[in-house]
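Comments concern the structure below.
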Amino acid sequence: LHYNFVDAVVGQEPRIRPLISQVTSLSFEFYDGSKWQKEWSGKTLPQAIAIEIDTRDYGLIRRQFLMAGDLGADGD
């Protein structure tokens, strides 16, 4: 959803703009400093997060993002 302007006009309905279509799967992975995991239950943030989007048009798209904050799951 988005508006034409940064500040929404009162009474104006947001517009719908698909960012990507034909998505067949979406998954997340979490990096603990030594390996990627499918689930995260730690009390701290992982060192990185990976997002995988599989689409009919573009195939598999994977993006990895470093997380700000402490040095990882073990607190070192």
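No lab work stands behind these numbers, since they all come straight from the coordinates. Nothing here was measured: the structure is a model prediction, and the numbers come from that model. Because the Cβ atoms are built from the backbone with ideal geometry, glycine has one as well, and the counts that use them run over all protein chains shown.
Computed values, structure above
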| quantity | calculated |
| --- | --- |
| Estimated distance in nm for a label pair at S25 and A50, the labels positioned 7 Å out from Cα along Cα-to-Cβ | 1.3 nm |
| Volume per residue of the C-alpha convex hull in the chain, rounded to whole Å³ | 152 Å³ |
| Per residue, the convex hull volume that the Cα atoms of the stretch 23-66 enclose (Å³) | 66 Å³ |
